[in-house]
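Asker: Structure incoming, see below.
The values are calculated or read from the model by the stated rules, or taken from the named source; none is laboratory data. Bear in mind that the values here come from a model prediction, so they are computed numbers and not experimental data. Because the Cβ atoms are built from the backbone with ideal geometry, glycine has one as well, and the counts that use them run over all protein chains shown. Just the protein is used for accessible areas: all its heavy atoms, side chains included, with ligands, DNA and RNA removed. Shrake-Rupley method; radii C 1.70, N 1.55, O 1.52, S 1.80 Å.
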Amino acid sequence: MTVESRAAHGSGARKTATAPRKKAARPARRGGGRSTGGAAGAMVQLLTPEGERVEHPDYSLDITDDELRGLYRDMVLSRRFDAEATALQRQGELGLWPSLLGQEAAQIGSARALRPDDYVFPTYREHGVAWCRGVDPQMLLGMFRGVNHGGWDPNTNNFHLYTIVIGSQVLHATGYAMGVAKDGSDAAVLAYFGDGASSQGDVAEAFTFSAVYNAPVVFFCQNNQWAISEPTERQTRVPLYQRAQGYGFPGVRVDGNDVLAVLAVTRAAAEHARSGQGPMLVEAFTYRMGAHTTSDDPTRYRPDDELAVWEARDPILRLRRHLERLGAADAAFFTALDEESDALARRVREAIRTMPDPDPMAAFEHVYADGHTLVDEERAQYAAYLASFADHAEEN
Amino acid sequence: MAERLPLAKAVNAALRTALDADPKVLVMGEDVGKLGGVFRVTDGLQKDFGEDRVIDTPLAESGIIGTAIGLALRGYRPVTEIQFDGFVFPAYDQIVTQLAKMHARALGKIRLPVVVRIPFGGGIGAVEHHSESPEALFAHVAGLKIVAPSNAHDAYWMLRQAIECDDPVIFFEPKARYWDKGDVDTDGIPGPLHAARVVREGTDLTLLAYGPTVKTALAAAEAAADEGTSLEVVDMRSVSPIDFDTIQRSVEKTGRLVVAHEAPVFFGSGAEIAARITERCFYHLEAPVLRVGGFHAPYPPARIEEDYLPGLDRVLDGVDRALAY
């Protein structure tokens, strides 16, 4: 962080004019002919659905073939893991699964824009982000199998626990970012949330707090068009990225199915935050190709033709076309990746089937850090109750 | 060093000591800075510790608690202020679904040392939402600790202990007692944060109270003594956990228990105490455990709040009913 940017950081309310701004207007892409939240908004794109590289005046990206293959690998493995988890739910191994299908570019592109010392606050669908942060995929299954409510140490990978209550974590991210600024660190904090969460008061309050304290937080909204059965029109009359303007920080809409554009825009947003310029909102315009969760039935509310429109914009297919255009990946690469995917799926399947149920007494653990006499009393009573069955068995 | 201070100044002294001792301690809330809080509890703190340590927040209670959670995750120890009891509800979701549960969700890997200070209770002639006693709504939630000091000395030490605690603590301050002076011994060694205390010895009946009602209970014991009845007064101090051992010892001695609190009696903390003490002391009880408190009605307009609050006469009526068995 430069001296100038530290000064800006300390000054709190200073707003700079160096934020990435849209110059060239581009017609908004529309989801299956539906309106997507009011007026059309320009959208950053670096890769067409046909896999052709295009330039954008504000968001350039130098990327090696090796890095392109890495992004492709991340997306393919995330999708394979997700498909396996969906299958495991259907087979009764998981109680529920929220699929990320279709959102791989939004997740991989944003997560790969971050440094290890940045901190991520996910909602409950960020399996691809978790993958990029180095969280073992099988750790994500515990809460959906019902053996814990999260369970991983958030500080190991700077990846917070999944949060189920919509939008709550956006405030946590903001508070964490306020702490980052107090510490004089140049880390950035990334808060994931969805188009539905944008209606929550907590998200609005997070925008307010981050703006007035100039907190280094990137609000990363994955607008996947649907909040269970509620379309984006039920959340907003203006494109979501435009909300930022009213709070006094920049907002930008990026093609969320374009991993390169997401990478470039998120990098810029993170740099905006870490250089002391405060928060920024990124709206990744994408699509949830599956159901909200395995309990949902999108055929009851989604137009039939909508999925086909978005399948044509498939984020993985798009990068594959680009790799093939460049000649940056050969058949051996794709074959090896298929094998790696299958191996990952086998590992996850094996892990879930050997995942032990917690001991019933685990319910009493970690309720309090410093203990609580009522928990101690109930733990002892329940242990005695369980032990009474053992005594009875011995008597017989 | 013992000093005679109003309860509000004792809270201020505790915050000052904590801010001084640990750079990670933050004070945050609406109007806590330049104004010093609407009760002046945080008076002078921002001047001495700066805007980065004593933080005026936007008017958003969920935002105060939600960002305090994030700050705690970053290693800070935020002491938040909710301006009045009835205004905590916009933050209730963050407190109940996030603050209370995050330590368990992470299997103990993270800690949430957040204090939520709430001036609570009635008797100050306020408009609606400024006089409520919502402690039972928090006590029902695992993961929170809840305390309510009744005097200046406890206010000082219990707040310091709450700030040092690695668990989230809801700290209910008896706003009607903010101006009551008491001796505060800042050099002494405090007792356990969650211990109840016998504040007046007696033999005929145990009167249990906490927060603002302790003063009423002591006045009732004084009045009863004039009539020849010996009441033992126990200051519960902590609502979660509750020190049932101390209450039990007192009830085994007196054989009778009356619980007084300002919150509505229905599903209030008195109900939990009555149930547990009946289990523990069934063969010692000479009368059912009786409760005196607020009605199952919204907190009334100020002109009739004295009828709603468990004042001296209603507490003594409860004592008479218990003694009549």
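Asker: Starting from the residue with the highest accessible area, list B:140, A:366, A:56 in decreasing order, probe 1.4 Å.
Answerer: B:140, A:366, A:56
Asker: Looking at the protein assembly as shown only, what percent of DSSP beta bridges run antiparallel? Nearest 5 please.
Answerer: Once the DSSP bridges in the protein assembly as shown are tallied, antiparallel ones form about 20 percent.
Asker: Of A:277, A:310, A:200, which is farthest towards the positive pole of chain A's charge dipole, taken about the Cα centre with +1 and -1 on the beta-carbons of Lys, Arg and Asp, Glu respectively?
Answerer: My answer, from the dipole projection, is A:277.
Asker: Taking the Cα centroid of the range B:148-163 and of the range B:257-325, what is the distance between the two, rounded to the nearest whole Å?
Answerer: 25
Asker: How many square angstrom of accessible surface are buried between A and B, both sides summed, with a 1.4 Å probe and rounding to 100?
Answerer: Counting both chains, the buried surface is close to 3500 Å².
Asker: Net charge near residue A:166: determine it from the other residues with C-beta under 11 Å of the C-beta of residue A:166, scoring Lys and Arg +1 and Asp and Glu -1.
Answerer: Surrounding charge for residue A:166 is -3.
Asker: If you don't mind, another one. Could you grab the relative contact order for chain B? Cα pairs under 8 Å, six or more apart, rounded to a whole percent.
Answerer: That works out to 16 percent.
Asker: Now for a separate question. The range A:258-396: D in µm²/s via Stokes-Einstein (Kirkwood Rh, Cα pairs, 20 °C, 1.002 mPa s)?
Answerer: It comes out at roughly 97 µm²/s.
Asker: Report the charge-dipole magnitude of the range B:236-277 in Debye, nearest 20, computed about the Cα centre from +1 at each Lys and Arg Cβ and -1 at each Asp and Glu Cβ.
Answerer: The dipole of the range B:236-277 has a size of about 140 debye.
Asker: If one puts a single equal scatterer on every Cα of the range A:201-337 and applies the Debye formula without solvent, what log₁₀ I(q)/I(0) results at q = 0.19 Å⁻¹?
Answerer: Here the Debye-derived log intensity ratios amount to -1.11.
Asker: Percent of alpha carbon pairs in the range A:226-281 separated by more than 15 Å?
Answerer: Cα-Cα pairs in the range A:226-281 separated by more than 15 Å: 59 percent.
Asker: For chain B, report the translational diffusion coefficient in µm²/s to the nearest whole number, using Stokes-Einstein at 10 °C, 1.306 mPa s, and a Kirkwood Rh over Cα pairs.
Answerer: It comes out at roughly 80 µm²/s.
Asker: Give the distance, in whole Å, between the Cα centre of the range B:228-251 and the Cα centre of the range A:41-119.
Answerer: Cα centroid of the range B:228-251 versus Cα centroid of the range A:41-119: 60 Å apart.
Asker: Let me check I have the definition right: for the range B:103-204, take the eigenvalues of the Cα gyration tensor, multiply each by 5, take square roots. What are those semi-axes in whole Å, largest first?
Answerer: 25, 20, 14
Asker: Still on this structure, I have one more. Using the Karplus curve 6.51 cos²θ - 1.76 cosθ + 1.60 with θ = phi - 60°, what ³J(HN,Hα) values do you get for each residue of the range B:266-272, in whole Hz, with x for Gly and Pro?
Answerer: 5, 6, x, 5, x, 5, 5
Asker: If ligands, DNA and RNA are left out, what is the accessible area of residue A:213 with a 1.4 Å probe, given in Å² to the nearest 10?
Answerer: Surface accessible to solvent at residue A:213 totals approximately 60 Å².
Asker: Residue by residue through the range B:154-168, what is 3J(HN,Hα) from phi via Karplus (6.51 cos²θ - 1.76 cosθ + 1.60, θ = phi - 60°)? Round to whole Hz and write x for glycine and proline.
Answerer: For the range B:154-168, the Karplus curve yields 5, 4, 5, 6, 5, 5, 4, 5, 5, 5, 6, 6, 7, 9, x Hz.
Asker: While we're here: Please state the Cα pair-distance histogram of chain A with 20 angstrom bins from zero: what percent is in each bin?
Answerer: Reading the bins upward from 0: 27, 55, 16, 3, 0.
Asker: OK, next. Could you let me know the centre-to-centre spacing of the range A:292-321 and the range B:1-71, using Cα atoms, in angstrom?
Answerer: Taking the Cα centre of the range B:1-71 as reference, the centre of the range A:292-321 is 51 Å away.
Asker: Report the antiparallel proportion of the DSSP beta bridges in the range B:169-256 as a percent, rounded to a multiple of 5.
Answerer: 40
Asker: Next question. For the range A:192-232, which residues drop by 30 square angstrom or more in accessible area between the chain on its own and all protein chains together (1.4 Å probe)?
Answerer: By number: A:202, A:205, A:209, A:213.
Asker: Give a residue-ordered list of calculated ³J(HN,Hα) values for the range B:278-286 (Karplus: 6.51 cos²θ - 1.76 cosθ + 1.60, θ = phi - 60°; whole Hz; x for Gly, Pro).
Answerer: Residue by residue, the range B:278-286 yields 5, 4, 7, 10, 3, 7, 9, 7, 9 Hz.
Asker: Now for a different question. As an exercise, find the ratio Rg/Rh for the range B:175-277 from alpha-carbon atoms, using the Kirkwood inverse-distance average for Rh.
Answerer: For the range B:175-277, the value is 0.96.
Asker: If I histogram all Cα-Cα distances within the protein assembly as shown using bins 10 Å wide from 0, what percent of pairs lands in each bin?
Answerer: Once binned at 10 Å, the Cα pair distances of the protein assembly as shown give 3, 14, 21, 21, 17, 12, 8, 3, 1, 0.
Asker: Please give the per residue accessible area of chain A, computed with a probe of 1.4 Å over protein heavy atoms only, in Å².
Answerer: About 40 Å² of surface per residue is accessible.
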